[in-house]
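No value in this document is a laboratory result; all are computed from the given coordinates. Keep in mind that what you see is a predicted model, and the values were worked out from it rather than measured. In this analysis, Cβ positions are derived from the backbone assuming ideal geometry, glycine residues included, and neighbour counts consider all displayed protein chains.
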């Protein structure tokens, strides 16, 4: 798959070189209360391309892929593979509304295809359509229940909705599938911190740091005051 999370952030990733440690922002709260952390969709792993697969590619490469897909679609408008390829290229070029249109068409052609929903989820996040992203990752899991990245993506989308309590089981499930998933530890730790469960938050964030030293920023931000 072209757009895939890896163990780098979202494992370290979800869109266009977003293979980096999670970026978070805090919401304003009274001084007496701990601010509830929120994942910034610009850096959310559930929005990123796999580092190994996107490394070295440029915008020019994606434009070539886009033109190739468009040529295939002119010859065969209902070519599912070409439609999905064009959607992925549009995503990489940050043409999110156009990508969403293609994913929607692809879903109509093959409504039981997990990859369509898995890739459409990050696009929904980039468009700040958070409930739709939750729905897409849920559908991806319906057709591919062993997809750790879809669990992670759904958890990240739920964090955008401040649904920290229900995000935690998603990260836990991702970790059951991959115990070295640094970003899942980090995001679960942030979710625990938002619920003021600081001991659990610290344990997760320290584990995240062991696996990915860049997670120390979250440890310092949400636990070490």
Anything in segment 131-147 that is assigned to a helix (DSSP H, G or I), surrounded by 20 or more Cβ atoms within 10 Å (Cβ to Cβ) and free of Cβ contacts under 8 Å to residues at least 40 places away in the same chain? List them, or say none. 134, 136, 139, 140, 141
For segment 148-176, give me the residue count where each residue is touching a residue at least 24 places away in the same chain (Cβ under 8 Å), out of contact with any helix residue (DSSP H, G or I) (no Cβ under 6 Å at 6 or more places or on another chain) and assigned to a loop (DSSP other than H, G, I, E, B). 1
If you check residue 207 against the conditions, is it under 21 Å from the mean Cα position of the chain (by Cα), surrounded by fewer than 23 Cβ atoms within 10 Å (Cβ to Cβ) and touching a residue at least 40 places away in the same chain (Cβ under 8 Å)? no
Residues of segment 177-204 classified as surrounded by 24 or more Cβ atoms within 10 Å (Cβ to Cβ) and not in a helix (DSSP H, G or I), total: 1
